[in-house]
Amino acid sequence: QMAEALLGIVTENLRSFVQDELATILGVDQQIQKLSSYLTAIRAVLEDAEKKQITSNAVKDWLQKLTDAAYVLDDILDECSIHSKSSCLSRVHPKDILFRRDVGKRMKDITQRFHDIHEERSMFQFSTGVTDKHAEDDDEWRQTSSVITEPIIYGRDQDREQIVEFLLRHASNSQDLSIYPIVGMGGLGKTTLAKQVFNDDRVSKHFDLTIWVCVSNDFNTKIILQSIIECITGQHPNLNTLEAMQKKFQEVLQSKRYLLVLDDVWNEDQRKWKELKGVLQCAMGTILVTTRLEQVASIMEACSFMFCHCCTSLSPRKRLPSVLIARGEPTHFLTIYLPIATSSSLSSLSCPNA
């Protein structure tokens with residue numbers, strides 16, 4: 001259990017690193033995003049790895065390499081945090097320039113180490129699963145719905161507008177299944193952003209059907225189809241076979257333009273995705289996916305019309321946690337780095353000189 005506890009701490013420190021804007025200031029946004037994805041994927045198999053190390057020296061060695069790398073990463077994050085508190089980081093001061101270069105090189109090295117560890121895990125065929133601690137501590141493991149619980153959401157208007165524009169323009173012009181993944185660390189607002197898009201009046205009017213399915217760790221084509229059919233008809237389909245489920249799906253979606261949100265997807269098995277994709281292609285569909293893992297977006301063969309977004313916080317006077325700035329470089333998925341601000345979160349923030 002040591003590796004799990006250590007990675008849990010490192011993941012939280014990584015999240016704080018992002019929220020404090022140190023990743024942006026130090027110019028290591030890309031490395032942090034990759035590290036987040038690797039850590040998330042590795043943590044998903046740790047429970048099985050901890051068991052298998054008892055009978056496998058190879059797994060034991062893999063866990064040791066993981067632990068060593070986690071300590072190195074944690075040391076880097078701590079050093080950056082201490083440096084930022086002891087002095088105001090400047091982009092032009094010679095000492096800070098040298099510090100940024102050193103951190104950039106070390107981050108690149110540790111990212112490569114985690115990449116190698118991440119790749120090696122496939123050799124052991126670990127089973128993925130959610131530990132009890134994940135279930136207790138991680139909000140994104142809970143079931144989600146399309147209902148917006150916060151009356152006011154700040155910092156995402158520009159982002160929502162761009163995604164809605166893509167859904168309305170490119171989805172309409174495409175004859176193929178359009179897929180738009182949103183990738184980012186846990187707790188940074190991916191689901192909330194998807195809800196904003198899903199509930200936009202223009203989206204509701206454009207699509208004949210809008211469907212929301214919370215997938216989480218159980219990527220099962222039959223279960224997903226059941227949820228889709230139940231969402232459309234309001235009745236649970238009493239069907240036992242996948243074949244029957246597919247025919248029912250084709251029946252209810254025949255000649256209809258639909259938007260399907262698959263929230264919190266963890267599946268990295270391309271065979272499972274191709275099985276579901278084969279069914280979904282029977283109608284004019286657009287799929288919006290939220291996930292923590294870049295690998296999930298990659299296996300979906302995502303549409304290339306998305307743009308990468310980089311986040312930065314608003315001014316200290318405004319005290320809002322985040323705003324998204326569109327950079328405009330084409331990429332395969334939307335990347336989120338900072339949490340959003342809601343009306344309830346603002347009430348707990350103090351505003352200096354207000």
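Work out the FRET efficiency for residue 97 and residue 75 from their Cβ-Cβ distance, taking R0 = 35 Å, and round it to the nearest 0.05.
The computed FRET efficiency comes out at 0.95.
Going 7 Å from the Cα of residue 257 along its beta-carbon direction, which residues of segment 268-294 have the amide nitrogen within less than 13 Å of the resulting point?
In segment 268-294, the label zone of residue 257 (backbone N under 13 Å from the point 7 Å along Cα→Cβ) covers 284-286.
What is the set of long-range amide H partners of residue 179 at a cut-off below 5 Å, with H atoms built 1.01 Å from backbone N?
Those lying under 5 Å, H to H, from residue 179 are 287, 303.
Quick one: what are the phi-derived ³J(HN,Hα) couplings along segment 203-210, Karplus 6.51/-1.76/1.60 with θ = phi - 60°, whole Hz, x for glycine and proline?
For segment 203-210, the Karplus-derived couplings read 5, 4, 6, 6, 9, 5, 9, 10 Hz, x marking Gly and Pro.
Taking θ as phi - 60°, what are the ³J(HN,Hα) couplings along segment 222-234 by the Karplus curve (6.51, -1.76, 1.60), each to the nearest whole Hz, with x for Gly and Pro?
4, 5, 5, 5, 4, 5, 5, 4, 5, 5, 6, 8, x
Expected output is a single nm value to one decimal: the length gained when fully extending between residue 54 and residue 176, i.e. 0.36 nm times separation in residues minus the C-alpha distance. What is it? Could the numbers behind the result be given before it?
Values: separation 122, 0.36 × 122 = 43.92 nm, distance 4.80 nm.
Residue separation times 0.36 nm, minus the Cα-Cα distance, leaves 39.1 nm.
What's the exposure ranking of 236, 206, 115, going from fewest to most Cβ atoms within 10 Å?
Ascending Cβ contact count within 10 Å gives the list 236, 115, 206.
Read the figures in this text as sums done on the coordinates, not as results from a lab. Here the structure is a predicted model, which is why all the values come from computation and not from measurement. Note that each Cβ is placed from the backbone with ideal geometry, even for glycine, and that neighbours are counted across all protein chains shown.
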